[in-house]
Amino acid sequence: MAEKGSENAEYDYDLFVIGGGSGGVRCARFSAQYGAKVGIAEERYWGGTCVNVGCVPKKLFYYASHYSEDFKEAEGFGWEKIERKFDWLTLRGNKDNEIQRLNGVYRDLLDAAGVTCFNGRARIADNHHVLVGDTKISAEKILVATGSWPDIPTFTGSEHVISSNEAFSLDKLPERALVIGGGYIGLEMGSVWSRLGAEVTVIEYLDYITPGMDREISNEFKKILSKQGIIFKMGSKVNKVKSSGSTVTINYTDLKSSKDETLEFDKVLVSVGRKPYTEGLNLTKIGVKKDEKGRIEVNAKLQTSIKNIYAIGDVIKGPMLAHKAEEEGIAVAEILAGQAGHVNYDVIPGVIYTSPEVATVGKTEEQLKEEKKSYKVGKFPFLANSRAKVNNETEGFVKILADSKTDKVLGVHIIGPHCGDMIAEMALAMEFGASAEDIARTCHAHPTHTEAIKEAALAVDKRPIHF
């Protein structure tokens, strides 16, 4: 790529990025800071899924729904009972304003870095040319960062059957809502609806929720959500979805009993996964290889089968998380600048933003057993944590998995208050190869929720202080 301040006459850009989401924007900005001439195209909205219909609006709704919980608990902390009224449209308007603001922030950041922005659908013409509308652009390197899209089964079309893309733009809070799929996205939205007053049912094909999560955490999670009023129909398959007026009728089969059941709802959220968004990019025609799930195949340097074309984020293998895409975007920028860009996929944290939160990093017990890895387990309940106790946040626990011989931390799984923030400590510890003993000997402030991490680390060798 061109040195800083130089002109590369052969191409319009040193790097052209397709996709203005978390990963694409991060790569474009870093590459520009390294001196590259960068262009970027976005078809829909700057900030991608995360800012517009994913992470950001979800967290805003999640935060707002906590007020409902706080009102219920306030009397126990000395507050008199007060009348309260929730207005869904006010919350939706707040969300729309914040997204509009963030769209502008993303464009401003790109402009400030000297990145040229194109609004429009892009497709790759050949190894070194991209078409944005009718504009043909040449680039030495091309990055595909187009993200993913909800995977919608072939149900009968209806305005009452929605994906996560539409969940934050409803005209009103549904009274009776169904979530099809017990994964991260569906449970986050279902949990919000439930706290705001909706009756929520979850239908899941498997006999457990959150596939891929440590099973002990998953089971505890389902138990807590059930106690909160969410109804689970496990081991069930949806057969038919039929709309009638303002309601939707669902026919499903309980796979254990083989019995068919019918239920009626106001809204149905289909949340059975996401798929790479690569349609119309012309990848197959130019020879970019994909795997059986439609993901772009890349090597350790995030190069596709065409070496000057790179891919990151949801279009390649790995967890479909904004922060994973961002790390890959930075890695590509570093690689193109001649540095040793790298992503440690073993320490990418995942968080479910419900109440309580669920956070995880590293291996699960199931994975360690499958790998025939000898390990130790340390657990500590928030019930025995003084800060959680006085705050009435006692549900859940911290679980640390460590190598039986070396004591190196292999995985950490937490369900409980504020663990979406707490997991960062353990991701950092694992990045530097910390042992459970290292965590146990690190002084944690008192009284804090993070003391539960220290106690779980102590429990790895069966010596917790407060339990």
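Taking 4.7 Å between beta carbons as the limit, the unpaired Cys residues of the chain are 27, 117, 419, 443.
On the accessible surface of the chain, probed at 1.4 Å, how many percent belong to carbon and sulfur atoms? It is 49 percent, rounded to a whole number.
In a reduced charge model with +1 at each Lys and Arg Cβ and -1 at each Asp and Glu Cβ, segment 308-467 shows a dipole moment near 620 debye about its Cα centre. The calculated FRET efficiency for residue 100 paired with residue 223, based on their beta-carbon distance and R0 = 30 Å, is about 0.15. Accessible area ranking (1.4 Å probe, heavy atoms, ligands and nucleic acids excluded), largest first, for 79, 149, 193: 79, 149, 193.
Reported value for segment 201-291: 168 Å³ per residue, from the convex hull of its C-alpha atoms.
Where does the Debye-calculated log10 I(q)/I(0) of the chain sit at q = 0.10, 0.14 Å⁻¹, using only Cα point scatterers of equal weight, no solvent? Listed by q, the Debye log ratios stand at -0.85, -1.39.
Looking at the chain, send over the antiparallel percent of its DSSP beta bridges, to the nearest 5. Taking every DSSP beta bridge with both residues in the chain, the antiparallel ones total about 60 percent.
For segment 143-264, the extents of the C-alpha atoms along the principal axes are 48, 39, 29 Å, listed from largest to smallest.
Over all other residues within a Cβ to Cβ distance under 9 Å of residue 215, the charged ones net out to -4, with Lys and Arg as +1 and Asp and Glu as -1. Given their separation in residues at 0.36 nm each and the Cα-Cα distance between them, residue 438 and residue 243 gain 64.5 nm when the chain is fully extended. The alpha carbon convex hull volume per residue for segment 1-90 rounds to 134 Å³.
When all alpha carbon pairs of segment 271-429 are counted in 5 Å bins from zero, the resulting P(r) reads 2, 8, 14, 15, 15, 14, 12, 9, 5, 3, 1, 0, 0 %.
Computed over protein heavy atoms with a 1.4 angstrom probe, the accessible surface ordering of 29, 387, largest first, is 387, 29. Using the alpha-carbon atoms, what tilt in degrees (0 to 90, nearest 10) does helix 88-112 show relative to the longest principal axis of the chain? Approximately 30 degrees, to the nearest ten. So what's the projected area for segment 82-133, the Cα convex hull averaged over all directions, in nm²? Averaging across all directions leaves 6.5 nm² for the Cα convex hull.
Give me the Kirkwood hydrodynamic radius of segment 353-467 in Å, from all C-alpha pairs, to one decimal place?
Evaluated over segment 353-467, this radius sits at 13.8 Å.
Only one residue of 434, 79, 225 has its Cα farthest out toward the positive end of the dipole of the chain, where Lys and Arg carry +1 and Asp and Glu -1 on Cβ, and that residue is 225. Just the Kirkwood number for segment 132-212, please: inverse of mean 1/r across all distinct Cα pairs, in Å, one decimal. For segment 132-212, inverting the mean 1/r across all distinct Cα pairs yields 15.6 Å. Given R0 = 30 Å, the distance between the Cβ atoms of residue 431 and residue 87 translates into a calculated FRET efficiency of 0.10.
Projecting the Cα atoms of 210, 234, 246 onto the charge dipole of segment 201-273, computed from C-beta unit charges around the Cα centre, puts 246 farthest toward the positive end. Excluding ligands, DNA and RNA, the accessible surface per residue across the chain is 48 Å² with a 1.4 Å probe.
Each Lys or Arg adds one and each Asp or Glu takes one away; over the other residues whose Cβ falls under 11 Å from the Cβ of residue 420, this sums to -1.
Sorting 313-322, 100-109, 375-384 by their mean Cβ neighbour count within 10 Å, with the most densely packed peptide first, gives 313-322, 375-384, 100-109. Where both bridge residues fall in segment 109-226, DSSP classifies roughly 60% of the beta bridges as antiparallel.
Here r is the Cβ-Cβ distance between residue 391 and residue 461 and R0 is 30 Å; the resulting FRET efficiency, rounded to 0.05, is 0.55. In the context of the full protein assembly, residue 271 retains an accessible surface of approximately 20 Å², using a probe radius of 1.4 Å and ignoring ligands and nucleic acids.
Based on C-alpha pairs under 8 angstrom that are at least 6 apart in sequence, the chain has a relative contact order of 14 percent. Not counting ligands, DNA or RNA, and with a 1.4 Å probe, what is residue 70's accessible surface area in Å² rounded to the nearest 10? About 80 Å², ignoring ligands and nucleic acids.
Assign unit charges at the C-beta atoms only (+1 for Lys and Arg, -1 for Asp and Glu), then state the dipole size of the chain relative to its Cα centre in Debye, rounded to the nearest 20. Once rounded to the nearest 20, the dipole reads 720 debye.
The values are calculated or read from the model by the stated rules, or taken from the named source; none is laboratory data. This structure is a prediction, so every number in the text was calculated from the model and none was measured. Quick reminder, even Gly has a Cβ in these numbers, built from the backbone with ideal geometry, and neighbours come from all protein chains shown. Only protein heavy atoms, including side chains, enter the accessible area calculation; ligands, DNA and RNA are left aside. Shrake-Rupley method; radii C 1.70, N 1.55, O 1.52, S 1.80 Å.
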